[in-house]
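Nothing in this text is a laboratory measurement; each read-out follows from the coordinates by a stated rule. All figures in this text were calculated on a predicted structure; none of them were measured in a lab. No Cβ is skipped: glycine too gets one built from the backbone with ideal geometry, and neighbour counts run over all protein chains shown.
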Amino acid sequence: TTSNGSVPSPLFKVNSPNVQYTEEHILSKYSYFNTLVTKQADGTMVAEPTETVYEFKTERTVPRVGMMMVGWGGNNGSTLTASILAHKNKLTWRTKSGVHKPNYFGSVTQSSTVRLGVDAEGADVHVPLSQMLPLVNPTDFVLGGWDISGKNLAESMDRAKVLAYDLQRQVSDEMSKMTPLPSIYYPDFIAANQEDRADNLIPGDDKRAHVNHIRKDIRDFKAANDLDKVIVIWTANTERFAELVDGVNDTADNFLAAVENSHEEIAPSSIFALACIEEGTPFINGSPQNTFVPGLIQLAERHKAFIGGDDFKSGQTKMKSALVDFLVNAGIKPVAITSYNHLGNNDGKNLSSHRQFRSKEISKSTVVDDMVAANDLLYAKDEHPDHTVVIKYVPSVGDSKRALDEYECDIFMGGRQSISMYNICEDSLLASPLIIDLVIMTELMTRLQYKTGDMAKFSTFHSVLSILSYMLKAPMVSPGTPVVNALSRQRTAIENIFRAAVGLSANNEMGLEHKVW
Ligand code: NAI
């Protein structure tokens, strides 16, 4: 276990001439093997193995980290807050099924393991993913944030109706002292049905003043809590898409000018993102809207600030990105994917409005594209399975979201396979661990640097943190690079980047030692 401001003692040390542990850093030298494929005029290809040497440098001190949530008083924000307090205070609570204690199930960093290697007898040795590199412990997060609803966090938790009463009862006092900071509300961006909760607002309509206000909030929170770093995450309502307008949000300078002029197409989430970029605070977008318009991405690159998004990948889409990957790689051809959802929480209410639903529909719809494109034996060029997404608001099911999916597949010799899936669970209990993972991995990326080729100095990774793809429905990647949606590939990327940082080769499943004489 780790605590803020300390160097955690590692569970394992790598014994290799390419790895060095200093008081401050883990330094590794790593050969990145790839294959360069060149297509020939006659349709054949040449595949050439390539090797690039990278050096990695990871700061070992785990900082004191503040997580600021936009939409803190929502179902995700209040559920996550109560859950972290339950861990901090080592609470137990009773339901009709017995005594429960806090866990971090559903968090890939906290509750999953990776195969470190094999022992002398050839048996696999697994370690927690959280022990591969020095990571922040989520129980140590200092929590804060903004909401357009002024209810305190105890009231928000009660409104959310997610956690068991006996747990709510025990964290209620502490949470009643937590009140979200006033936020930015441009009514045109979220559903009209949210208006009655918007009672905690930063006044005025000067968008530059709003950016500066948020910047000050971040600085004040950092100072008041004696934090080394703050990470901001958008878990507020889904906004409509911002229109992409030439001269407004297409370039960094146009975007800045548009903010200066308080242009109507600049969304609240983009204001938060800009404030973070200018503060050098990482910003992650957990909702589907296009917060990161091209001009904003350029600005993040200019400031070398970290950004990540979009849209938490918690339930239906996570299953889809695992199942379609499996089907297509098994040589089975999904021809139709039909997804229904109904939910009764405030997210569902907001999504019952067409323009906000449209953001979600777009985010959910591209998830199988790369897997389909990867198999031209099953799919002709530009051929796609039919893909339909329906979301309905059914208040009485509350946060317990229902997702019904039908996968219709072409199989051997003209046969058909129909797979039907029915998924029920509390939405916020799936999303909260993802928020933890996003913040923990983003924080790590602020301490992990690389050097390759003739670079004189170490550098941070690219501003757009595509390593977060595993937790995101519509992963943002650096401009011009391919999006990977397949869940297993996304997880493998995390695991192998962590391994490279401690100088271990990428995990492969050859198991040669068990297959030869
Ligand atoms: P929620 O509706 O309970 O919470 C959102 C909160 O944001 C509300 O308290 C609202 O008052 C606040 N808000 C709205 N506009 C704001 C602004 N401009 N500034 C500050 N606060 C503002 O929703 P929930 O269930 O917590 O979900 C949050 C977001 O995460 C939604 O956009 C949802 O689509 C997204 N999401 C959730 C998933 C899940 O719960 N499993 C999965 C994927 C995405």
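Only sites in a loop by DSSP and with at most 16 other Cβ atoms within 10 Å count here; which chymotrypsin sites (Phe, Trp or Tyr not before Pro) in segment 1-105 make the cut?
Answer by residue number: Phe12, Phe105.
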Quiz item: Over the Cα atoms of segment 444-517, what is the Rg over Rh ratio if Rh follows Kirkwood?
Solution: 1.05
Quiz item: For segment 379-517, what relative contact order do you get, as a whole percent, if you take Cα pairs closer than 8 Å and at least 6 residues apart?
Solution: 11
Exercise. Compute the separation of the alpha-carbon centres of segment 240-254 and segment 108-148 and state it in Å as a whole number.
Key: 39
Practice problem: Work out the charge dipole of segment 363-462 with +1 on the Cβ of Lys and Arg and -1 on the Cβ of Asp and Glu about the Cα centre, then indicate which of Leu434, Gly398, Ser365 is farthest towards its positive end. | Solution: Leu434
Self-check item: Value of relative contact order over the chain, rounded to a whole percent, pairs C-alpha under 8 Å and six or more apart
Solution: 18
Quiz item: With a sphere of radius 14 Å drawn around the Cβ of Ser262, what net charge do the other residues whose Cβ falls strictly inside it have (Lys, Arg +1; Asp, Glu -1)?
Solution: -4
Self-check item: Cα-Cα pairs of the chain separated by more than 42 Å (percent)
Solution: 19
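Select from segment 34-135 those GluC sites (Glu not before Pro) which occupy a DSSP coil region and have at most 11 other Cβ atoms within 10 Å, ordered by residue number.
Glu121
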Quiz item: If one puts a single equal scatterer on every Cα of segment 23-148 and applies the Debye formula without solvent, what log₁₀ I(q)/I(0) results at q = 0.10, 0.13 Å⁻¹?
Solution: -0.62, -0.86
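Identify the trypsin sites (Lys or Arg not before Pro) of segment 365-439 meeting these criteria: DSSP loop state and at most 16 other C-beta atoms within 10 Å of the C-beta. Each step should come with its number before you reach the end.
Numbers: sites: Lys381, Lys392, Lys401, Arg402, Arg416; in loops: Lys381.
Hits after loop and neighbour filter: Lys381.
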Quiz item: Which whole-number percentage describes the relative contact order of segment 145-186, with Cα contacts under 8 Å and a sequence gap of 6 or more?
Solution: 64
Self-check item: Charge tally in the Cβ shell below 13 Å around Glu243, where Lys, Arg are +1 and Asp, Glu are -1, Glu243 excluded
Solution: -3
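Under DSSP H, which helices of the chain have Cα atoms covering 24 Å or more of the helix axis and a Kyte-Doolittle average no less than -0.5?
Result, helices passing both filters: 427-445.
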Self-check item: Share, in percent, of DSSP beta bridges within the chain that are antiparallel, nearest 5
Solution: 65
Quiz item: Kirkwood hydrodynamic radius of segment 190-256 from all distinct Cα pairs, in Å?
Solution: 15.1
Quiz item: Near Glu59, within a Cβ-to-Cβ distance under 13 Å, what is the net charge of the other residues, with Lys and Arg +1 and Asp and Glu -1?
Solution: 0
Quiz item: Do the sum for the chain: with -39,500 (n - 2.57) for every DSSP H run of n ≥ 4, divided by all residues, what is the mean residue ellipticity at 222 nm, to the nearest 500 deg cm²/dmol?
Solution: -9500 deg cm²/dmol
